[in-house]
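The values are calculated or read from the model by the stated rules, or taken from the named source; none is laboratory data. Just so you know, these numbers come straight off a predicted model, no measurement behind them. Cβ placement follows ideal geometry from the backbone for every residue including glycine, while neighbour counts extend to all protein chains displayed.
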Amino acid sequence: MDPELIHIRHTGGLGRITLNRPGALNALNIDMITHITARLQAWRHDPAITTVLLDSTSPRAFCAGGDIRAILHRLETDGPMAAAEPFCRTYRLASLLAGYPKPVVSFMDGIAMGGGIGLGGHARYRIVTERSCLAMPETGIALTPDAGGSYLLSRAPGLSGLRLALTGGYMNATAALDAGFADRQAHSGMLDTLADALIHQPAGRVVDSLPPCPALPSAPDIADIAAVYDAPDVPQIMRRLHTHPAEWAQADLMALNRASPFSLYVTFAAYHAARRLPDLDSVLEQEFHLIYHLLRRPDFAEGVRARLIDKDNAPRWTPDNPAAVSTREVTDCMQGRAPVSLDLPLCDTVT
(Lines give C-alpha, C1' and ligand atoms only; values in the text may rest on other atoms or scores of the structure.)
Protein backbone atom coordinates (compact mmCIF):
# COMPACT_ATOMS: atom_id res chain seq x y z
CA MET A 1 0.00 0.00 0.00
CA ASP A 2 1.10 3.54 -0.69
CA PRO A 3 1.89 4.78 2.85
CA GLU A 4 0.75 8.27 1.91
CA LEU A 5 -2.87 7.10 1.57
CA ILE A 6 -3.20 6.93 5.35
CA HIS A 7 -1.43 9.09 7.90
CA ILE A 8 -0.88 7.47 11.30
CA ARG A 9 0.01 9.62 14.31
CA HIS A 10 0.30 9.10 18.04
CA THR A 11 0.35 12.25 20.13
CA GLY A 12 -0.26 12.18 23.86
CA GLY A 13 -3.09 9.72 24.43
CA LEU A 14 -4.51 10.16 20.93
CA GLY A 15 -4.04 7.71 18.09
CA ARG A 16 -5.03 9.38 14.84
CA ILE A 17 -5.86 7.69 11.53
CA THR A 18 -6.22 10.24 8.73
CA LEU A 19 -7.36 9.29 5.23
CA ASN A 20 -5.31 10.96 2.50
CA ARG A 21 -6.65 9.95 -0.89
CA PRO A 22 -8.38 13.21 -1.83
CA GLY A 23 -8.37 12.60 -5.58
CA ALA A 24 -10.63 9.58 -5.00
CA LEU A 25 -12.61 11.25 -2.20
CA ASN A 26 -10.81 8.85 0.16
CA ALA A 27 -12.40 5.76 -1.37
CA LEU A 28 -11.12 2.74 0.54
CA ASN A 29 -9.17 0.08 -1.28
CA ILE A 30 -8.49 -3.30 0.28
CA ASP A 31 -4.98 -2.37 1.41
CA MET A 32 -6.27 0.72 3.23
CA ILE A 33 -8.96 -1.31 4.98
CA THR A 34 -6.43 -3.93 6.05
CA HIS A 35 -3.97 -1.32 7.29
CA ILE A 36 -6.60 0.52 9.35
CA THR A 37 -7.76 -2.76 10.88
CA ALA A 38 -4.21 -3.74 11.80
CA ARG A 39 -3.54 -0.36 13.41
CA LEU A 40 -6.72 -0.53 15.45
CA GLN A 41 -5.83 -4.02 16.61
CA ALA A 42 -2.37 -2.85 17.68
CA TRP A 43 -3.75 0.16 19.57
CA ARG A 44 -6.40 -1.92 21.26
CA HIS A 45 -3.85 -3.22 23.77
CA ASP A 46 -1.53 -0.21 23.83
CA PRO A 47 -1.87 1.53 27.21
CA ALA A 48 -0.46 4.74 25.72
CA ILE A 49 -3.53 5.10 23.47
CA THR A 50 -6.66 6.28 25.25
CA THR A 51 -8.66 7.65 22.29
CA VAL A 52 -8.71 7.02 18.53
CA LEU A 53 -9.61 9.69 15.96
CA LEU A 54 -10.68 8.94 12.39
CA ASP A 55 -10.55 11.90 10.01
CA SER A 56 -9.46 13.11 6.58
CA THR A 57 -7.05 15.58 5.03
CA SER A 58 -9.72 16.66 2.54
CA PRO A 59 -12.42 19.25 3.26
CA ARG A 60 -14.49 17.63 0.51
CA ALA A 61 -14.77 14.13 1.88
CA PHE A 62 -14.32 12.00 4.94
CA CYS A 63 -14.76 8.87 2.83
CA ALA A 64 -16.93 8.36 -0.25
CA GLY A 65 -17.06 4.59 0.28
CA GLY A 66 -15.27 1.62 -1.18
CA ASP A 67 -13.17 1.72 -4.33
CA ILE A 68 -15.96 0.53 -6.63
CA ARG A 69 -13.81 0.55 -9.78
CA ALA A 70 -11.30 -1.75 -8.07
CA ILE A 71 -14.12 -4.04 -6.93
CA LEU A 72 -15.45 -4.26 -10.49
CA HIS A 73 -11.95 -5.12 -11.71
CA ARG A 74 -11.71 -7.92 -9.14
CA LEU A 75 -15.13 -9.19 -10.23
CA GLU A 76 -14.20 -9.24 -13.93
CA THR A 77 -10.76 -10.72 -13.30
CA ASP A 78 -11.25 -13.20 -10.46
CA GLY A 79 -14.99 -13.59 -9.91
CA PRO A 80 -17.58 -12.71 -7.26
CA MET A 81 -15.77 -14.12 -4.24
CA ALA A 82 -12.74 -11.95 -4.97
CA ALA A 83 -15.03 -8.96 -5.47
CA ALA A 84 -16.71 -9.70 -2.15
CA GLU A 85 -13.40 -9.68 -0.24
CA PRO A 86 -13.22 -5.88 0.22
CA PHE A 87 -16.80 -5.94 1.52
CA CYS A 88 -15.91 -8.71 3.94
CA ARG A 89 -12.99 -6.72 5.32
CA THR A 90 -15.02 -3.51 5.51
CA TYR A 91 -17.80 -5.20 7.46
CA ARG A 92 -15.35 -6.77 9.87
CA LEU A 93 -13.77 -3.34 10.37
CA ALA A 94 -17.22 -1.86 11.10
CA SER A 95 -17.81 -4.54 13.73
CA LEU A 96 -14.39 -3.89 15.26
CA LEU A 97 -15.09 -0.16 15.50
CA ALA A 98 -18.53 -0.66 17.02
CA GLY A 99 -17.15 -2.88 19.77
CA TYR A 100 -13.84 -1.09 20.27
CA PRO A 101 -12.88 -0.93 23.97
CA LYS A 102 -11.52 2.63 23.72
CA PRO A 103 -13.41 5.74 22.59
CA VAL A 104 -13.34 6.24 18.83
CA VAL A 105 -14.20 9.66 17.43
CA SER A 106 -14.99 10.18 13.75
CA PHE A 107 -15.00 13.53 11.98
CA MET A 108 -17.45 12.88 9.13
CA ASP A 109 -16.73 16.23 7.51
CA GLY A 110 -17.71 16.46 3.85
CA ILE A 111 -18.89 13.36 1.98
CA ALA A 112 -19.44 10.15 3.95
CA MET A 113 -21.17 7.44 1.98
CA GLY A 114 -21.36 3.67 1.81
CA GLY A 115 -18.15 2.26 3.22
CA GLY A 116 -17.45 5.71 4.65
CA ILE A 117 -20.45 5.17 6.93
CA GLY A 118 -18.97 1.78 7.80
CA LEU A 119 -15.78 3.55 8.88
CA GLY A 120 -17.22 6.60 10.63
CA GLY A 121 -20.80 5.71 11.43
CA HIS A 122 -20.17 3.05 14.07
CA ALA A 123 -17.68 5.03 16.17
CA ARG A 124 -18.64 5.97 19.72
CA TYR A 125 -18.61 9.70 18.98
CA ARG A 126 -19.65 10.70 15.46
CA ILE A 127 -19.15 14.36 14.56
CA VAL A 128 -20.69 16.03 11.50
CA THR A 129 -20.30 19.59 10.22
CA GLU A 130 -22.10 22.09 8.03
CA ARG A 131 -20.21 20.51 5.09
CA SER A 132 -21.30 16.95 5.82
CA CYS A 133 -23.18 14.95 3.22
CA LEU A 134 -24.09 11.43 4.32
CA ALA A 135 -25.85 8.78 2.24
CA MET A 136 -26.21 5.10 1.47
CA PRO A 137 -26.60 5.36 -2.34
CA GLU A 138 -26.07 1.69 -3.21
CA THR A 139 -29.32 1.09 -5.10
CA GLY A 140 -27.96 3.41 -7.80
CA ILE A 141 -25.27 0.84 -8.64
CA ALA A 142 -27.49 -2.20 -8.09
CA LEU A 143 -26.31 -3.03 -4.59
CA THR A 144 -28.03 -2.52 -1.23
CA PRO A 145 -27.09 -0.44 1.83
CA ASP A 146 -24.15 -2.15 3.48
CA ALA A 147 -21.18 -1.66 5.85
CA GLY A 148 -23.72 -1.59 8.67
CA GLY A 149 -25.67 1.16 6.96
CA SER A 150 -28.80 -0.97 6.89
CA TYR A 151 -28.48 -1.40 10.66
CA LEU A 152 -28.49 2.38 11.18
CA LEU A 153 -31.29 2.85 8.65
CA SER A 154 -33.43 0.18 10.27
CA ARG A 155 -33.09 1.99 13.63
CA ALA A 156 -33.88 5.45 12.26
CA PRO A 157 -37.18 7.01 13.43
CA GLY A 158 -40.34 5.76 11.78
CA LEU A 159 -39.79 4.75 8.19
CA SER A 160 -37.30 7.51 7.43
CA GLY A 161 -34.58 4.87 7.13
CA LEU A 162 -36.53 2.92 4.51
CA ARG A 163 -36.90 6.10 2.48
CA LEU A 164 -33.16 6.80 2.67
CA ALA A 165 -32.32 3.17 1.86
CA LEU A 166 -34.42 3.07 -1.29
CA THR A 167 -33.70 6.55 -2.63
CA GLY A 168 -30.06 6.84 -1.53
CA GLY A 169 -31.03 10.29 -0.30
CA TYR A 170 -28.44 12.69 1.10
CA MET A 171 -28.42 13.79 4.74
CA ASN A 172 -27.00 17.08 5.93
CA ALA A 173 -25.78 17.37 9.52
CA THR A 174 -29.25 17.96 10.98
CA ALA A 175 -30.79 15.07 9.05
CA ALA A 176 -27.89 12.78 10.01
CA LEU A 177 -28.41 13.62 13.67
CA ASP A 178 -32.15 13.02 13.38
CA ALA A 179 -31.59 9.66 11.65
CA GLY A 180 -29.06 8.42 14.21
CA PHE A 181 -26.06 8.50 11.86
CA ALA A 182 -24.26 11.12 13.98
CA ASP A 183 -24.08 12.31 17.58
CA ARG A 184 -23.01 15.95 17.50
CA GLN A 185 -22.48 18.78 15.04
CA ALA A 186 -19.44 21.05 15.09
CA HIS A 187 -18.37 23.85 12.80
CA SER A 188 -15.72 22.61 10.36
CA GLY A 189 -13.40 25.37 11.53
CA MET A 190 -13.35 23.80 15.01
CA LEU A 191 -12.10 20.35 13.99
CA ASP A 192 -8.39 21.09 14.46
CA THR A 193 -9.13 22.50 17.92
CA LEU A 194 -11.17 19.42 18.80
CA ALA A 195 -8.39 17.12 17.61
CA ASP A 196 -5.90 18.99 19.81
CA ALA A 197 -8.24 18.73 22.79
CA LEU A 198 -8.54 14.96 22.31
CA ILE A 199 -4.80 14.65 22.91
CA HIS A 200 -5.17 15.68 26.55
CA GLN A 201 -8.82 15.30 27.52
CA PRO A 202 -11.32 12.40 27.60
CA ALA A 203 -13.30 12.13 24.40
CA GLY A 204 -16.65 12.39 26.14
CA ARG A 205 -15.68 15.65 27.81
CA VAL A 206 -14.47 17.13 24.52
CA VAL A 207 -17.62 16.14 22.65
CA ASP A 208 -19.90 17.37 25.44
CA SER A 209 -18.18 20.77 25.33
CA LEU A 210 -19.30 21.43 21.75
CA PRO A 211 -21.56 24.48 21.47
CA PRO A 212 -24.90 24.07 19.69
CA CYS A 213 -25.01 24.72 15.95
CA PRO A 214 -27.87 26.23 13.96
CA ALA A 215 -30.18 23.60 12.51
CA LEU A 216 -30.03 22.96 8.77
CA PRO A 217 -33.08 22.12 6.60
CA SER A 218 -34.46 18.82 7.83
CA ALA A 219 -36.19 15.87 6.20
CA PRO A 220 -39.96 15.63 5.74
CA ASP A 221 -42.07 14.91 8.79
CA ILE A 222 -42.03 11.29 10.01
CA ALA A 223 -45.80 11.01 9.61
CA ASP A 224 -45.66 12.29 6.03
CA ILE A 225 -42.98 9.75 5.18
CA ALA A 226 -44.99 6.94 6.77
CA ALA A 227 -48.05 7.82 4.71
CA VAL A 228 -46.05 6.88 1.62
CA TYR A 229 -43.54 4.29 2.75
CA ASP A 230 -45.74 2.22 5.06
CA ALA A 231 -46.59 0.02 2.11
CA PRO A 232 -46.52 -3.71 1.36
CA ASP A 233 -44.07 -3.44 -1.54
CA VAL A 234 -42.01 -1.15 -3.76
CA PRO A 235 -44.62 -0.71 -6.53
CA GLN A 236 -47.15 0.55 -3.99
CA ILE A 237 -44.62 3.08 -2.68
CA MET A 238 -43.99 4.29 -6.21
CA ARG A 239 -47.72 4.64 -6.92
CA ARG A 240 -48.16 6.72 -3.78
CA LEU A 241 -45.20 8.91 -4.69
CA HIS A 242 -46.62 9.41 -8.18
CA THR A 243 -49.82 10.95 -6.81
CA HIS A 244 -48.23 12.84 -3.91
CA PRO A 245 -48.12 16.62 -4.44
CA ALA A 246 -45.03 17.38 -2.32
CA GLU A 247 -41.76 18.26 -4.01
CA TRP A 248 -39.86 15.76 -1.87
CA ALA A 249 -42.15 12.95 -3.01
CA GLN A 250 -41.54 13.74 -6.68
CA ALA A 251 -37.78 13.83 -6.04
CA ASP A 252 -38.06 10.44 -4.31
CA LEU A 253 -39.92 9.00 -7.29
CA MET A 254 -37.21 10.22 -9.67
CA ALA A 255 -34.57 8.56 -7.48
CA LEU A 256 -36.44 5.25 -7.46
CA ASN A 257 -36.88 5.37 -11.22
CA ARG A 258 -33.10 5.73 -11.61
CA ALA A 259 -32.26 2.85 -9.26
CA SER A 260 -31.95 -0.84 -10.07
CA PRO A 261 -35.47 -2.33 -9.74
CA PHE A 262 -34.12 -5.60 -8.37
CA SER A 263 -32.00 -3.79 -5.81
CA LEU A 264 -35.04 -1.81 -4.68
CA TYR A 265 -36.89 -5.03 -3.96
CA VAL A 266 -33.93 -6.52 -2.10
CA THR A 267 -33.38 -3.32 -0.13
CA PHE A 268 -37.04 -3.19 0.89
CA ALA A 269 -36.86 -6.78 2.16
CA ALA A 270 -33.45 -6.27 3.79
CA TYR A 271 -34.60 -3.17 5.67
CA HIS A 272 -37.57 -4.96 7.21
CA ALA A 273 -35.43 -8.01 8.00
CA ALA A 274 -32.78 -5.83 9.65
CA ARG A 275 -35.40 -4.32 11.95
CA ARG A 276 -35.94 -7.79 13.38
CA LEU A 277 -32.26 -8.66 13.81
CA PRO A 278 -30.83 -8.13 17.29
CA ASP A 279 -27.53 -6.35 16.69
CA LEU A 280 -25.07 -4.86 14.24
CA ASP A 281 -23.11 -8.08 13.71
CA SER A 282 -26.27 -9.94 12.66
CA VAL A 283 -27.12 -7.21 10.17
CA LEU A 284 -23.57 -7.14 8.80
CA GLU A 285 -23.80 -10.89 8.18
CA GLN A 286 -27.07 -10.39 6.30
CA GLU A 287 -25.55 -7.58 4.24
CA PHE A 288 -22.55 -9.68 3.25
CA HIS A 289 -24.67 -12.52 1.88
CA LEU A 290 -26.88 -10.07 -0.01
CA ILE A 291 -23.92 -8.26 -1.53
CA TYR A 292 -22.40 -11.56 -2.67
CA HIS A 293 -25.63 -12.40 -4.48
CA LEU A 294 -25.93 -8.94 -6.05
CA LEU A 295 -22.33 -8.99 -7.29
CA ARG A 296 -23.19 -12.08 -9.31
CA ARG A 297 -25.99 -10.33 -11.19
CA PRO A 298 -25.33 -8.26 -14.34
CA ASP A 299 -26.75 -5.08 -12.83
CA PHE A 300 -23.74 -4.26 -10.66
CA ALA A 301 -21.29 -4.05 -13.57
CA GLU A 302 -23.87 -2.13 -15.59
CA GLY A 303 -24.50 0.33 -12.76
CA VAL A 304 -20.78 1.01 -12.32
CA ARG A 305 -20.41 1.48 -16.08
CA ALA A 306 -23.26 3.97 -16.24
CA ARG A 307 -22.47 5.92 -13.08
CA LEU A 308 -18.68 5.84 -12.81
CA ILE A 309 -17.05 4.76 -16.08
CA ASP A 310 -19.03 6.02 -19.08
CA LYS A 311 -21.02 8.38 -16.86
CA ASP A 312 -23.97 8.38 -19.23
CA ASN A 313 -26.32 7.77 -16.27
CA ALA A 314 -28.37 5.47 -18.46
CA PRO A 315 -28.00 1.99 -16.98
CA ARG A 316 -29.78 -0.87 -18.71
CA TRP A 317 -31.14 -2.78 -15.74
CA THR A 318 -32.19 -6.46 -15.75
CA PRO A 319 -35.16 -6.34 -15.39
CA ASP A 320 -35.73 -2.73 -16.33
CA ASN A 321 -38.91 -2.06 -14.31
CA PRO A 322 -40.23 -3.05 -10.88
CA ALA A 323 -43.22 -4.92 -12.26
CA ALA A 324 -40.90 -7.46 -13.90
CA VAL A 325 -38.87 -8.27 -10.78
CA SER A 326 -39.07 -11.92 -9.76
CA THR A 327 -40.16 -12.11 -6.14
CA ARG A 328 -38.83 -15.65 -6.07
CA GLU A 329 -35.35 -14.39 -6.97
CA VAL A 330 -35.64 -11.77 -4.24
CA THR A 331 -36.49 -14.54 -1.77
CA ASP A 332 -33.57 -16.61 -3.03
CA CYS A 333 -31.30 -13.61 -2.54
CA MET A 334 -32.53 -13.05 1.01
CA GLN A 335 -32.11 -16.72 1.89
CA GLY A 336 -28.85 -17.34 0.00
CA ARG A 337 -25.44 -17.60 1.60
CA ALA A 338 -21.97 -16.64 0.47
CA PRO A 339 -19.32 -19.40 0.53
CA VAL A 340 -17.78 -17.86 3.67
CA SER A 341 -19.04 -16.11 6.80
CA LEU A 342 -17.81 -12.89 8.43
CA ASP A 343 -17.14 -14.83 11.66
CA LEU A 344 -18.23 -11.95 13.86
CA PRO A 345 -17.50 -10.63 16.39
CA LEU A 346 -13.98 -9.88 15.22
CA CYS A 347 -11.26 -11.50 17.30
CA ASP A 348 -7.81 -10.01 17.92
CA THR A 349 -6.20 -11.84 15.01
CA VAL A 350 -5.79 -9.65 11.96
CA THR A 351 -6.85 -11.28 8.67
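Taking the criterion of being closer than 22 Å to G140 by Cα and either basic (K, R) or not in a helix (DSSP H, G or I) (or both), the residues of region 233-261 that qualify are D233, R239, R240, R258, A259, S260. Of the residues making up region 284-329, those that are of a type in the set (S, T, N, Q) and within 24 Å of Q236 (Cα to Cα) number 4. Entry remark, region 167-217: residues being assigned to a helix (DSSP H, G or I) and more than 17 Å from C133 (Cα to Cα) number 16 in total.
For every residue, the table says whether it meets (1) outside any helix (DSSP H, G or I); (2) closer than 17 Å to D299 by Cα.
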| site | (1), (2) |
| --- | --- |
| H35 | no, no |
| A38 | no, no |
| Q41 | no, no |
| I49 | yes, no |
| L54 | yes, no |
| R69 | no, yes |
| L75 | no, yes |
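Filtered by the rule that a residue be small (G, A, S) and within 14 Å of the chain's Cα centre (by Cα), region 136-155 gives G140, A147, G148, G149, S150, S154.
So that you can scan it fast, the table gives a plain yes or no per residue for (1) acidic (D, E); (2) surrounded by fewer than 24 Cβ atoms within 10 Å (Cβ to Cβ); (3) within 17 Å of V283 (Cα to Cα):
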| position | (1), (2), (3) |
| --- | --- |
| T77 | no, yes, no |
| R89 | no, yes, yes |
| P101 | no, yes, no |
| S106 | no, no, no |
| I117 | no, no, yes |
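When you look at P278, is it at pLDDT 95 or above, farther than 20 Å from G65 by Cβ, not charged (D, E, K, R) and not in a helix (DSSP H, G or I), yes or no? Against the criterion (at pLDDT 95 or above, farther than 20 Å from G65 by Cβ, not charged (D, E, K, R) and not in a helix (DSSP H, G or I)), P278 qualifies.
L284 satisfies every condition listed in (1) farther than 21 Å from G140 by Cβ; (2) surrounded by fewer than 24 Cβ atoms within 10 Å (Cβ to Cβ); (3) in contact with a Ser or Thr (Cβ under 7 Å, 6 or more places away or on another chain) except (2). Looking only at region 278-306, which residues are of a type in the set (A, V, I, L, M) and touching a residue at least 24 places away in the same chain (Cβ under 8 Å)? Residues satisfying the conditions are L280, V283, L284, L290, I291, L294, L295, A301, V304.
Checking each residue in region 1-33 for being small (G, A, S), surrounded by 16 or more Cβ atoms within 10 Å (Cβ to Cβ) and part of a helix (DSSP H, G or I) picks out only A24. Give the residue that is surrounded by the fewest Cβ atoms within 10 Å (Cβ to Cβ), with candidates limited to residues of region 204-225 that are in contact (Cβ under 8 Å) with a residue 40 or more places away in the chain and out of contact with any helix residue (DSSP H, G or I) (no Cβ under 9 Å at 6 or more places or on another chain). Taking the candidates together, the pick is A223.
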